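Each reported figure results from applying straightforward, stated rules to the coordinates on display, with no laboratory input. These numbers were taken from a predicted model, which means no experiment stands behind them. So basically every Cβ, Gly included, is an ideal-geometry build from the backbone, and we count neighbours across all protein chains shown.
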Amino acid sequence: DTEVTQTPKHLVMGMTNKKSLKCEQHMGHRAMYWYKQKAKKPPELMFVYSYEKLSINESVPSRFSPECPNSSLLNLHLHALQPEDSALYLCASSRLGRGYEQYFGPGTRLTVT
Amino acid sequence: GESVGLHLPTLSVQEGDNSIINCAYSNSASDYFIWYKQESGKGPQFIIDIRSNMDKRQGQRVTVLLNKTVKHLSLQIAATQPGDSAVYFCSPYRTSYGKLTFGQGTILTVHP
């Protein structure tokens with residue numbers, strides 16, 4: 001199984017809402033990543049987890065809160081987002097030591113109204 | 001008034017042709033250079049990597065060339081197929097940093 005799944009596929013939320021994005025992989029990867037991708041732009045790294053611990057935070061605003069409850073799951077909790085946060089949010093995983101070979105999910109298309 | 005948007009580099013080829021996608025980089029301290037493709041509606045997919053001490057690496061229908069003198073990376077796709085239509089991203093990778101930094105991307109369109 002080389003699949004990374006993400007739910008939901010689409011999400012529309014208001015600026016006062018709280019929502020969560022979910023990501024799951026069963027490849028035994030111990031590194032997991034969140035990226036943000038705006039239209040016609042490359043993915044931009046937000047967070048990296050290694051062994052379920054946050055190892056990289058690319059100065060992401062606190063309205064984005066990541067969580068890695070176990071080695072297969074990665075969540076991104078959203079609160080008080082702004083319309084400019086509308087984007088495709090991608091999750092990825094990799095083996096430790098092979099972080100250049102990441103497996104990406106299809107993403108969650110987020111619209112903030 | 002007139003609006004100006006960001007236009008990605010594009011490459012349009014006929015099915016069966018060979019394609020060459022180019023990438024310039026600035027950081028010479030990278031351990032690897034990586035190519036990913038992203039098809040419409042999907043997440044990026046790893047294609048091939050090359051270690052910084054190599055000049056050439058071949059995969060299935062793809063070849064990556066690294067010219068460290070001019071800081072240039074290229075991806076050659078042989079016998080391009082419609083399924084190769086995608087946006088192609090390059091990224092340096094430094095093991096100690098542990099993160100990818102994608103370039104702007106190139107849109108490849110393959111016409112049947």
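Which of the residue pairs A:Lys18/B:Lys99; A:Lys18/B:Lys42; A:Lys40/B:Lys42; A:Lys22/B:Lys42; A:Lys36/B:Lys99 have a Cα-Cα distance greater than 19 Å in the structure shown? Flagged as over cut-off: A:Lys18/B:Lys99; A:Lys18/B:Lys42. DSSP loop chymotrypsin sites (Phe, Trp or Tyr not before Pro) in region A:46-80 with at most 11 other Cβ atoms within 10 Å of their Cβ, which ones? Within region A:46-80, the qualifying chymotrypsin sites (Phe, Trp or Tyr not before Pro) (loop, at most 11 other Cβ atoms within 10 Å) are A:Tyr51. Working note: Karplus 6.51/-1.76/1.60 with θ = phi - 60° gives region A:39-44 the couplings 4, 6, 10, x, x, 10 Hz, where Gly and Pro are set to x.
When each of A:His10, B:His72 is scored by the number of other beta-carbon atoms lying within 10 Å, the sequence from fewest to most is A:His10, B:His72. Computed 3J(HN,Hα) for region B:86-97, one whole-Hz value per residue from the Karplus formula 6.51 cos²θ - 1.76 cosθ + 1.60 where θ = phi - 60°, is 4, 9, 10, 10, 9, 8, x, 8, 10, 4, 5, 8, glycine and proline marked x. Averaging 1/r across all pairs of distinct Cα atoms in the protein assembly as shown and inverting the result yields a Kirkwood radius of 18.4 Å.
Rounded to the nearest 20, the Cβ-based charge dipole of the protein assembly as shown about its Cα centre (Lys and Arg +1, Asp and Glu -1) stands at 360 debye. The mean count of C-beta atoms from other chains within 10 Å of the C-beta of residues in B:96-107, rounded to a whole number, is 5. The relative contact order of region A:1-102 comes to 34 percent, based on Cα pairs under 8 Å that sit 6 or more residues apart.
Each residue, B:Gln58 and A:Thr2, gets one label point 7 Å from its Cα in the Cβ direction; the gap between the two is 2.1 nm.
Once backbone amide H atoms are built at 1.01 Å from N, B:Asp31 has B:Tyr93, B:Arg94, B:Thr95 as its partners under 5 Å, excluding neighbours fewer than 5 places away on the same chain. Measuring r between the beta carbons of B:Gln81 and B:Thr10 and using R0 = 22 Å, the FRET efficiency lands at 0.80.
Dipole of chain A computed with +1 at Lys/Arg Cβ and -1 at Asp/Glu Cβ about the Cα centre; of A:Leu73, A:Cys91, A:Pro43, farthest Cα towards the positive end is A:Pro43.
Sort chain B into rounded, prolate or oblate with this rule: let a ≥ b ≥ c be the square roots of the eigenvalues of the Cα gyration tensor; rounded if a/c is under 1.5, and if a/c is not under 1.5, prolate when a/b is larger than b/c, oblate otherwise. Verdict is oblate for chain B. Just to confirm my understanding: which cysteines in chain A have no other cysteine beta carbon less than 4.7 Å from their beta carbon? A:Cys68, each lacking another Cys Cβ under 4.7 Å. Per residue of peptide A:99-109, the mean number of Cβ atoms on other chains within 10 Å of the residue Cβ is 6. Across region B:58-110 the C-alpha pair distances fall into 5 Å bins from zero in the proportions 4, 16, 20, 26, 19, 10, 4, 1 percent. Once both labels are positioned 7 Å from their Cα atoms along Cα-to-Cβ, the gap between A:Lys18 and A:Leu73 label points is 1.7 nm. If the segment from B:Ala24 to B:Ser40 were pulled out straight at 0.36 nm per residue, it would be longer than the present Cα-Cα gap by 3.4 nm. Each label point was placed 7 Å from the Cα along the Cα-to-Cβ direction; for A:Lys40 and A:Met27 their separation is 3.1 nm. For the protein assembly as shown, DSSP calls about 90 percent of its internal beta bridges antiparallel.
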